[in-house]
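Peer 1: Let me begin by handing over the structure; questions about it come next.
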2 protein chains.
Amino acid sequence: MVRWEPGTQERLHRAALELFATRGYEETTAAEIAQSVGLTERTFFRHFADKREVLFHGQQLFVQAFVEGVDTAPPAAAPIEVVAAALRSAAAFFPDERRSRSRARQSVIDRNPALQERELHKLAILATALAEAFRARGVGEPAATLAADSGVTVFMIAFTQWIREGEERSLSDIAAGVLGELRALTGGSSAPAA
Amino acid sequence: MVRWEPGTQERLHRAALELFATRGYEETTAAEIAQSVGLTERTFFRHFADKREVLFHGQQLFVQAFVEGVDTAPPAAAPIEVVAAALRSAAAFFPDERRSRSRARQSVIDRNPALQERELHKLAILATALAEAFRARGVGEPAATLAADSGVTVFMIAFTQWIREGEERSLSDIAAGVLGELRALTGGSSAPAA
DNA sequence: CTGCTGATGTCAGTGACTGACGTCGGTGAC
DNA sequence: GTCACCGACGTCAGTCACTGACATCAGCAG
């Protein structure tokens, strides 16, 4: 018999999402989350740096997929093509089955400014990692940062659309369309997909 | 004789910046900031929603300048031209005399993740306001959001460069250059300014 | 059997914030 | 002139996020 249940962080993450969704983020204390899975507040804070962080458990893999999309793009690809490749790689992390769960999670974040701030910070970290990946391919500054930030912006616009009620296209398809709009906006040459 | 000194928020803002810069953000309590200008902690929190907010006092005018740049651009201007106009308007808020003070303030923010989160949030609010201004001009979605986000991204890259030690170009000039790089990156037509 | 390790519990403390209520010059109605 | 009201502030008590220090104890290596 094991002394403690395994997967502590995952259990806390699920419990937190559940409580935040039903009772609200501010109305839920860290102690309550911990108690709901049979742990103490102190243990909660050993696993997560702060109360917000519990909602972002597992994001690491997503960032990794996004960055790998940049790393594995053909060496000769232009930055904008690399962004497109990274977008496809990142979008693969959100198959359609996940749409409903993603929507629920985003709803919690959208309802609380403190959580929005943390999300923005995570995206900034992602953009920093992407910029570094671009530099590793030989892209200079400020092009690397511009490409990274643009990629994140396009992704978030596409993601927001993806979880919208009634939307049925895949995240990858939506992202490709938004990237086309960006090209049209700044370059003026390629028209956005219909 | 007045009962209280005027300009309470401004005094708190200055005192906070001073203390954060010398002692560090986390090592400075809200009560200390308040006491340093002869007030109590309770009064501090009547003027600022939280401890971070004191550092962002006055940002409203900057956002206003940025948005007005969009509003006052020629009706026929293409979105990318409108972004350029908004950038000039926003950059006018940071004349070269302000470079040193801006650098000091940014240094405080860069040293603390909590402050970075708040700054990101402020930028997100700015981007939202800009997107609304674009929509008011008849720009649809996602173009409006893309233009707004791109404008903010370009501004921040330029701002970061502007406060760099040794940099002597004006913020406006730097921003114009970065915008050119963005066009080159996504459109591929116009080369960045040398 | 013994000693060490790692995840957890317990406890006490700090600091960010908040609600309730009291204080008191300044101001306008009369 | 006075008197009621208002607005900016002080005081106090309380909650909750978070932290450091120390204790506990099943499992594992020897």
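Derivation of every value follows stated rules applied to the coordinates shown; laboratory data play no part. Please read all numbers here as calculations on a predicted model, not as lab measurements. As a convention, Cβ positions derive from the backbone with ideal geometry for all residues, glycine included, and neighbour counts pool all protein chains shown.
Peer 1: How large is the helix-only mean residue ellipticity at 222 nm for chain B, computed as the sum of -39500 (n - 2.57) over DSSP H runs with n ≥ 4, divided by its residue count, in deg cm²/dmol to the nearest 500?
Peer 2: Details: 9 runs with 128 residues, N = 194.
So the helix-based figure for chain B works out to -21500 deg cm²/dmol.
Peer 1: Related question: Each label point is 7 Å from the Cα along the Cα-to-Cβ direction; what then is the distance between the points at residue A:32 and residue A:114, in nm?
Peer 2: For residue A:32 paired with residue A:114, the spin-label model returns 1.2 nm.
Peer 1: Using Cα positions and a limit of under 20 Å, work out the lysines in reach of residue B:122, with same-chain residues fewer than 8 apart set aside.
Peer 2: A:122, B:51
Peer 1: In whole percent, what relative contact order does chain A give with Cα contacts below 8 Å and a gap of six or more residues?
Peer 2: On the way: 189 pairs, mean separation 34.1, N = 194.
Over chain A, the number comes to 18 percent.
Peer 1: Please name whichever of A:12, A:95, B:36 sits farthest to the positive end of the charge dipole of the protein assembly as shown, dipole taken about the Cα centre and charges placed at Cβ: Lys and Arg +1, Asp and Glu -1.
Peer 2: Highest projection toward the positive end goes to B:36.
Peer 1: Shortest first, in nm, what separates the label point of residue B:95 from those of the same position in the other copies (7 Å along Cα→Cβ)?
Peer 2: Once sorted, the set of distances for residue B:95 reads 6.1 nm.
Peer 1: Once phi is turned into θ = phi - 60°, what whole-Hz ³J(HN,Hα) does the Karplus curve with 6.51, -1.76 and 1.60 give for every residue of segment B:77-88, x standing for Gly and Pro?
Peer 2: Each residue's phi maps through the Karplus curve to give 5, 6, x, 5, 6, 5, 4, 4, 5, 4, 4, 5 Hz.
Peer 1: Another one. If every alpha-carbon in segment B:58-186 counts as one equal scatterer, what log10 I(q)/I(0) does Debye give at q = 0.11, 0.15, 0.19 1/Å?
Peer 2: Per q value, in the given order, log10 I(q)/I(0) is -0.37, -0.69, -1.08.
Peer 1: Which net charge results for the neighbourhood of residue A:52, defined as the other residues with beta-carbon distances under 12 angstrom from its beta-carbon, given Lys and Arg at +1 and Asp and Glu at -1?
Peer 2: Taking every other residue near residue A:52 into account, the sum is -3.
Peer 1: Which residue is it, in chain B, that holds its beta carbon closest to the axis of the B-onto-A rotation, and how many whole angstrom away?
Peer 2: B:187, 1
Peer 1: Would you list the P(r) distribution for the protein assembly as shown, with all Cα-Cα distances sorted into 10 Å bins from 0 and each bin expressed as a whole %?
Peer 2: So the P(r) values, bin by bin, are 5, 20, 29, 26, 15, 5, 1, 0.
Peer 1: Also, I was wondering about something else. Counting only other residues whose beta carbon sits under 14 Å from that of residue B:137, what net charge do I get with K and R as +1, D and E as -1?
Peer 2: Working: positive: B:135; negative: B:68, B:71, B:81, B:132, B:141.
Result for the neighbourhood of residue B:137: -4.
Peer 1: What list of whole percents do you get for P(r) of segment A:1-67, with Cα-Cα distances grouped in 10 Å bins up to the one holding the largest distance?
Peer 2: 21, 51, 22, 6, 0
Peer 1: How far, in nm to one decimal, is residue A:138 from itself in the other copies if the label point is set 7 angstrom along Cα toward Cβ? Shortest first, please.
Peer 2: Taking the point 7 Å beyond Cα along Cα→Cβ, the inter-copy spacings are 4.5 nm.
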